[in-house]
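Undergrad: Once you've had a glance at the structure underneath, I'll fire off some questions.
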Amino acid sequence: MSDDLILGRKDQHLDVVLSGGGRHARSSGFDDWRFVHEALPDLDHAKIDLGADFLGRRLQAPLLISAMTGGPARAEAINARLAEAAQHLGIALAVGSQRAAIEGGASGGLDRALRDRAPDTPILANIGAAQLTRGFGVEQAKRALDMIGADALVVHLNPLQEACQPEGDRDWWGVGAALQALIRDLDAPVIVKETGAGISAVTAQRLIAMGAAGVDVAGAGGANWGLIEGERATDPADKAHAAAFAAWGIPSARAIAEARNALPEALIIGSGGVRDGVDVAKAVRLGADVVGMASGVIQAATESTESVVAHFQTVIRQLRTVCFCTNAASVAALKRVPLLSVK
């Protein structure tokens, strides 16, 4: 596929997200849970430790910016703002797909300038699993890592999106074996993530058994890439096909909890429909080590670095208040506070 087609498609994706389209018809599941309020906390709100260890670095809060970017005209500015914000806040950054940059197109800001803007930030590179049987392998993965000075590689799984995309890659025969080979041969941590339909406990176990450094369950409740592809489709049949999957997927809260139950020691990233710091806290309590936010921050990223920082400062303040009102002096303590199902 030509670089122009890939970049044009990414611009269309961004347009759909910014317009409020492609939202999942199914809840993320976080509203099914409530913390038990502590009316007499024995804490200083300002001294609560929100720090978390991630890929050998210490984060100031257990947060990951999961980027969604469009074509190069907008992507370069968006990526720069996200990197600057991540550095300022002391949180992690995962970039969008680097396929076009690797295949020779415009980098969209996915070059060494990104690391220069965020020298102390854990940065995650990104390629698609479907490309692993279409010419991508260790060499391309190394290029993805090297071009941005990344700490780890994310391989994203998006079968629903590919099935709904008019020009999607629908032949996934051999992708699992190719992914296992990449994890084995690449001299860098590989994290495997979904893109909004969730990873089941069984599949999470399979991925960790392959040697993956962690999984990002990326459950249902936020952006629905099947619907996003349906919105950009021009053929009514393609639109009708995608519409049936409006509520498809494993809700994020359930995916996090089940993955943690199946994998007590594994690195679990929770994302998908995370709206605010209360959702972040619930994700942590359900088992996430780090929590990703994407579509909720993309509007801020089109505006300025300051807007991204302000967005996450509010999220971090909300997370701190949850800790305060549950008598949790740290993120580690938050993992042990009472959480009640309200279903």
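The values are calculated or read from the model by the stated rules, or taken from the named source; none is laboratory data. Computed from a prediction, not measured in an experiment: that's the story for all the values here. Because the Cβ atoms are built from the backbone with ideal geometry, glycine has one as well, and the counts that use them run over all protein chains shown. Each accessible area value is taken on the protein alone, full model and side chains, heavy atoms only, with ligands, DNA and RNA left out. Shrake-Rupley method; radii C 1.70, N 1.55, O 1.52, S 1.80 Å.
Undergrad: Enumerate the pairs (first residue in region 180-197 and acidic (Asp, Glu); second residue anywhere and modelled with pLDDT of 95 or more) with beta-carbon separation below 6 Å, excluding pairs fewer than 6 apart on the same chain, so at least 6 apart or on different chains.
TA: Qualifying pairs under 6 Å: 185/138; 194/157; 194/218.
Undergrad: Still on this structure: Surrounded by fewer than 20 Cβ atoms within 10 Å (Cβ to Cβ), out of contact with any Leu (no Cβ under 7 Å at 6 or more places or on another chain) and of a type in the set (Gly, Ala, Ser): which single residue out of 240, 294 fits that description?
TA: Answer to the check: 240.
Undergrad: Let me ask something else about it. With the structure loaded, tell me whether residue 328 is within 29 Å of residue 262 (Cβ to Cβ), of a type outside the set (S, T, N, Q), over 17 Å from the mean Cα position of the chain (by Cα) and not in a helix (DSSP H, G or I) or whether it fails that test.
TA: yes
Undergrad: On to the next question. Can you tell which of 328, 333, 294, 310 is small (Gly, Ala, Ser) and either touching a Pro at 6+ places or on another chain (Cβ under 6 Å) or closer than 25 Å to residue 225 by Cβ (or both)?
TA: When all the criteria are applied, what remains is 294.
Undergrad: If only one of 34, 81, 74 is modelled with pLDDT of 65 or more, part of a strand (DSSP E or B) and over 16 Å from the mean Cα position of the chain (by Cα), which one is it?
TA: After applying the criteria, what remains is 34.
Every residue, every condition in (1) open to solvent by less than 10 Å² (accessible area, probe 1.4 Å); (2) modelled with pLDDT under 95, yes or no:
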| site | (1), (2) |
| --- | --- |
| 125 | yes, no |
| 135 | no, yes |
| 173 | no, no |
| 177 | no, no |
| 185 | no, no |
| 189 | no, no |
| 211 | no, no |
| 223 | no, yes |
| 227 | no, yes |
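Undergrad: Hey, among 238, 279, which residue is touching a helix residue (DSSP H, G or I) at 6+ places or on another chain (Cβ under 7 Å) and within 16 Å of residue 35 (Cβ to Cβ)?
TA: Going through 238, 279 in turn, the sole match is 279.
Undergrad: Would you confirm whether any residue within region 302-324 is under 23 Å from residue 48 (Cβ atoms), of a type in the set (S, T, N, Q) and without any contact (Cβ under 8 Å) to a residue 60 or more places away in the chain?
TA: Yes: region 302-324 contains one or more residues that are under 23 Å from residue 48 (Cβ atoms), of a type in the set (S, T, N, Q) and without any contact (Cβ under 8 Å) to a residue 60 or more places away in the chain.
Undergrad: If I filter region 110-123 down to residues being surrounded by fewer than 16 Cβ atoms within 10 Å (Cβ to Cβ) and modelled with pLDDT of 95 or more, which single residue comes out as farthest from the chain's Cα centre (by Cα)?
TA: By that ranking, first place goes to 116.
Undergrad: Something else about it: I'd like the residue in region 16-31 that is farther than 17 Å from residue 166 by Cα and assigned to a helix (DSSP H, G or I) and, out of all such residues, is modelled with the lowest pLDDT.
TA: The selected residue is 18.
Undergrad: Considering only residues that are among the basic types (Lys, Arg) and assigned to a loop (DSSP other than H, G, I, E, B), which ones fall in region 112-164?
TA: 134
Undergrad: Still on this structure, I have one more. Residue by residue through region 41-59, note down the ones that are assigned to a helix (DSSP H, G or I) and in contact with a Lys or Arg (Cβ under 7 Å, 6 or more places away or on another chain).
TA: Residue satisfying the conditions is 45 alone.
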